[in-house]
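Inspection log for the structure reproduced underneath, given as structure tokens.
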Amino acid sequence: IRLTLRTNARIAGLTFLVYIAAGIISMIMFGPATSGETMAAKLASMAGHQTTVSINILLNLIMSFSALTLGVTLWALTREQDPHLSMLGMACRFVEGVLGAISIQGLLALNWLATATGPNVPDASSASALGAYLLRNDVALSATFFAAGSTIFTFLLLRGRLIPNILAWIGVV
């Protein structure tokens, strides 16, 4: 099956909307699920919000697939403008998607830590240290690849006049 430019554009547009919605919902939901002054309180909060944590894991998976889908569809739309820059943009979105998928393992480990019972439960100081490590804010690396890929694709969309100029300039800025 060969997708047309119009189909790729529609898939990219829909994927952008899904990506943005999943990201916003994830941020809104995960904050209260990890609220608390101490790490023990944060883990207890997570244990009490199991559904929210599970939904957040699913939303992160959706965002990872969205980044990969955007990389491929935007590459298909912009490869005629500059194949090398377009490939670099796709690679940036690919790395962003992979980093997002890798972060899911940390969320699963954090979920286990918050709900662990029985003989395998770590002591309080170990749980606190591991929880602090798993809850660290390390989105800067993924965000860097997101920003680079988005800037490249926006530049190519602007150069090729593939979207209205005002939208492309907003993306570049």
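The values are calculated or read from the model by the stated rules, or taken from the named source; none is laboratory data. It should be emphasised that the depicted structure is a prediction, and the values quoted were computed from it without experimental measurement. No Cβ is skipped: glycine too gets one built from the backbone with ideal geometry, and neighbour counts run over all protein chains shown. Remember, those area values only see protein heavy atoms, side chains included, never the ligands or the DNA or RNA. Shrake-Rupley method; radii C 1.70, N 1.55, O 1.52, S 1.80 Å.
Worth pointing out:
- The set of residues from segment 106-135 being open to solvent by 80 Å² or more (accessible area, probe 1.4 Å) and outside any helix (DSSP H, G or I) comprises T117, P119, N120, D123.
- Just one residue in the set S103, S142 is polar (S, T, N, Q), part of a helix (DSSP H, G or I) and within 20 Å of A12 (Cβ to Cβ); that residue is S142.
- When residues of segment 77-103 are limited to those that are in contact (Cβ under 8 Å) with a residue 40 or more places away in the chain and open to solvent by less than 10 Å² (accessible area, probe 1.4 Å), the one farthest from I163 (Cα to Cα): E96
- Flag for L70 being within 17 Å of the chain's Cα centre (by Cα), at pLDDT 90 or above, closer than 21 Å to G131 by Cβ and in a helix (DSSP H, G or I): no
- Meets criteria (open to solvent by less than 60 Å² (accessible area, probe 1.4 Å), under 28 Å from P164 (Cβ atoms) and part of a helix (DSSP H, G or I)) for T52: no
- Hey, L158 assigned to a helix (DSSP H, G or I), under 21 Å from R6 (Cβ atoms) and in contact with a helix residue (DSSP H, G or I) (Cβ under 7 Å, 6 or more places away or on another chain) or not: yes
- Segment 8-39, residues that are assigned to a helix (DSSP H, G or I), open to solvent by 70 Å² or more (accessible area, probe 1.4 Å) and farther than 22 Å from L157 by Cβ: I24, I25, M27, I28, P32
- When L43, L5 are checked against the criterion of being surrounded by fewer than 17 Cβ atoms within 10 Å (Cβ to Cβ), in contact with a helix residue (DSSP H, G or I) (Cβ under 9 Å, 6 or more places away or on another chain), more than 18 Å from L141 (Cβ to Cβ) and not aromatic (F, W, Y), L5 stands alone in meeting it.
- Taken as a whole, segment 128-136 holds at least one residue that is under 16 Å from the mean Cα position of the chain (by Cα) and of a type in the set (A, V, I, L, M).
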